[in-house]
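**Student:** Just dropping this structure here.
The values are calculated or read from the model by the stated rules, or taken from the named source; none is laboratory data. Note that the structure is predicted; figures quoted are calculated from it, not measured. Note: ideal-geometry Cβ built from the backbone for every residue, glycine included; neighbour counts use all protein chains shown.
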Amino acid sequence: MTSHDVVAIARRALKQKQIGHSGTLDPMATGVMILAVGKATRLLRFLKDDKTYDAGVLLGTVTATDDIEGEVLEKKPLDSKLKDQIKENISRALSHFQGSIEQMPPLYSAIHINGRRLYDLARSGEIKHAELETHVKKRHVTIYDIRLKSLDLTSNDHDETASRISLKIHCSSGTYIRSIARDLGEHFGCGACLDQLRRTTAGAFQESDCHSLDELKERGETMPLLPIERVGLPILAVEDPDLRRRFCQGQKIKSPQFDQHESQYFLLSNSEHEALGVASLTEDGLLKPEVVLA
């Protein structure tokens, strides 16, 4: 199931045409996917874009897509010596992925090349794995935290299916977890692919905030939605009716509660705690309307 499929299901269930999402999930992935309904779609660009994943890496298996659902290109059983090396060096290996890194996207990804998706070019055979670096540049991403959850190396040298690393990864938007799995396998010289992926957080949203698709289909329009205030921006209450009017007309206004803030954007509300829109803070301390909802 694709992210587009999820949006289509939500449109039918909620009877809303205007629904968007904050970022795609790989078809094999589960977990948190943020949907915005109605006027909230205009606020998607203000969401925090960091994400957290639980990922399973299958060692000894290389696939065309860098995940378990792709064509298997190579299988390499792990011998006792290699398993010992992995046990001794896994922490050091993971440290190479920490921080700001350059990452080569998977061959099967949605990157555009001359107006066409990379995965379409891969399926047609026009670009092969060995040619990837000549067509696609590495991308800068940030891995805020990557840690080992478990390391399961089978004692049977001829059964690579139990040779598995489980990771928890906190990263910036645009990070390919499949690429981390692939690169980790290359680091150890055995190859690897992603065999499990679950997004546990997306910005300020966690799994506890979510509803299943089955629940969405069952409850339809009665499904309780999170309020716009959960967008995660600092909230400023605008008590002065004249300031509210001017903001809603697209004019800059003085901040009603000006203070030093780290955030560039603010969610403005009225005295009834209803959202007016989003404003940015200018260099001269004024609030400039970015999105007006009222």
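**Student:** Would you please list the contacts, defined by Cβ atoms under 8 Å and residues six or more apart or on different chains, that run from a residue in segment 1-25 that is more than 26 Å from Thr52 (Cα to Cα) and in the same structural domain as Glu221 (by TED's automatic domain parsing) to a residue that is small (Gly, Ala, Ser) and part of a helix (DSSP H, G or I)?
**Tutor:** Correct list of pairs: Ala13/Gly220; Leu14/Gly220; Lys15/Gly220; Gln16/Ala10; Gln16/Gly38; Gln18/Gly38.
**Student:** Please go through segment 86-110 and give me each residue that is within 17 Å of Cys171 (Cβ to Cβ) and either hydroxyl-bearing (Ser, Thr, Tyr) or free of Cβ contacts under 8 Å to residues at least 24 places away in the same chain (or both), ordered by number.
**Tutor:** Hits for segment 86-110 are Ser95, Ser100, Ser109.
**Student:** Would segment 235-247 turn up any residue that is under 28 Å from the mean Cα position of the chain (by Cα) and in contact (Cβ under 8 Å) with a residue 60 or more places away in the chain?
**Tutor:** No.
**Student:** Could you tell me whether any residue of segment 72-85 is in the same structural domain as Leu151 (by TED's automatic domain parsing), surrounded by 18 or more Cβ atoms within 10 Å (Cβ to Cβ), among the small types (Gly, Ala, Ser) and at pLDDT below 95?
**Tutor:** no
**Student:** Among (1) under 16 Å from Leu25 (Cα atoms); (2) surrounded by fewer than 23 Cβ atoms within 10 Å (Cβ to Cβ), where does Ala202 come up short?
**Tutor:** (2)
**Student:** Mind listing just one residue for me: the one in segment 128-172 that is closer than 16 Å to Ala55 by Cβ and of a type in the set (S, T, N, Q) and, of those, modelled with the lowest pLDDT?
**Tutor:** Within segment 128-172, the match that is modelled with the lowest pLDDT is Ser163.
**Student:** Here are some residues: Asp120, Asp79, Asp66, Asp152. Which one is under 26 Å from the mean Cα position of the chain (by Cα), under 23 Å from Ile165 (Cβ atoms) and among the acidic types (Asp, Glu)?
**Tutor:** Just a single option satisfies the conditions, and that option is Asp66.
**Student:** Counting just the residues of segment 74-85 that are of a type in the set (Asp, Glu) and touching a residue at least 12 places away in the same chain (Cβ under 8 Å), which one comes out farthest from Arg178 (Cα to Cα)?
**Tutor:** Of everything passing the filter in segment 74-85, Asp79 is farthest from Arg178 (Cα to Cα).
**Student:** Same structure again: Just to be sure, is Ile34 crowded, with 18+ Cβ neighbours inside 10 Å and in contact (Cβ under 8 Å) with a residue 40 or more places away in the chain?
**Tutor:** Yes; evaluated as a whole, the condition is true for this residue.
**Student:** Could you check segment 234-250 and list, in sequence order, the residues that are of a type in the set (Phe, Trp, Tyr) and assigned to a strand (DSSP E or B)?
**Tutor:** None; the set is empty.
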